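Comments concern the structure below.
The values are calculated or read from the model by the stated rules, or taken from the named source; none is laboratory data. Please read all numbers here as calculations on a predicted model, not as lab measurements. Heads up: the accessible areas ignore ligands, DNA and RNA and are worked out on the full protein's heavy atoms, side chains in. Shrake-Rupley method; radii C 1.70, N 1.55, O 1.52, S 1.80 Å.
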Amino acid sequence: MPHAVTKDKVRLYFEEAGSGTPIIFLHEYAADHTNWEPQMRYFSRGHRCIAYSARGYTPSDVPPSKDSYTYKHFWTDALAVLDHLDIAKAHFVGLSMGAYSSLQVALNASERALSVTLAGVGSGSSLENLDAFRKQCVANAEQYETIGSVEVAKVTREAASRIPFLVKDPRGHADFYDALARHDAKGSANTMRGFQGGRPSIYTMAEAIRKVPTPALIICGDEDDACIEPSLFLKKHLPASGLAMFPKSGHVLNLEEPALFNEMVERFIAIVEAGRWGVRDPRSVAV
């Protein structure tokens, strides 16, 4: 099995396909590398595509301490995969947790990102509800440790932001939660405590976000309530960003609407590679 090794000696399992300009895919909390299969198959026709499982998600290593699961570990892990493959720059495509990590790459190592796609980004960022969100993350982590991944998958399969997926594609929704049931419970608990419950709100980063030069595509489902306002915030503050809203869509955008997702990301990357995705023209700003 191919693995990249991080600075703290965590092994990250990855898969790659195709050749061309690199694209690296960063998965969400409830997923792993396998959930990017529709994108790996599509984009590998013209790009070198890499998908990996984050720390805590087998067949990557599952570090025992929650201190090994901070948001800094997650975004630097993506760079560790690229370093292992001798890739200097790549397009970053992230969903939810993976989108947050992609944003952190743009904030902290913009020279490594040709572009960033931020899909389903910003859940839990509301400053009004931040303390409550973090307490819920602690409770969710304890739930994994108490009842295990199989039971957690059963009780979370009808979360509000996942219902559009269920309505459109019951078979795909069932496969998604069957995969979640196989996740390592300790890894999921530590990720919930360290990353989900410990990451800073994107609303605290406005000044830094305004300085990000990286071309960015923000994608949000119009029924993913927790991500709509954060997506609008990022559109307002990221200088070279565009926003796409998917109708009648929830959180799992790449699986819920794979054709639309692929088309939108493909067009974005093509425009970026043509050098035509710049900052907003000041003449288009209403005064």
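Here are some notes:
- Compactness of segment 127-218, taken as the C-alpha radius of gyration over 2.2 N^0.38 Å, stands at 1.32.
- For the chain, the solvent-accessible area with a 1.4 angstrom probe is 44 square angstrom per residue.
- Viscosity 1.002 mPa s, 20 °C: Kirkwood-radius Stokes-Einstein D of the chain over Cα pairs, µm²/s: 114
- Contact order normalised by residue count of segment 34-95, Cα under 8 Å, 6+ apart, percent: 17
- Over 19 Å [Cα-Cα, segment 149-287], rounded percent: 63
- Among the lysines of segment 164-287, pairs at least eight places apart or on separate chains and with Cα atoms under 30 Å apart come to 6.
- Of the DSSP H helices in the chain, those with a Cα length along their own long axis of 27 Å or more and a mean Kyte-Doolittle hydropathy reaching -0.5 comprise 130-156.
- Working note: 222 nm ellipticity from helices only, DSSP H runs with n ≥ 4, each -39,500 (n - 2.57), summed and divided by the residues of the chain, gives -13000 deg cm²/dmol to the nearest 500.
- Value in Å of the Kirkwood radius, where segment 88-150 supplies the Cα pairs that are averaged: 13.5
- Here the alpha carbons of segment 22-89 define both size measures, Rg and Dmax, at 12.6, 40 Å.
- For the chain, the relative contact order is 19 percent, taking Cα pairs closer than 8 Å that sit 6 or more residues apart in sequence and dividing their mean separation by the residue count.
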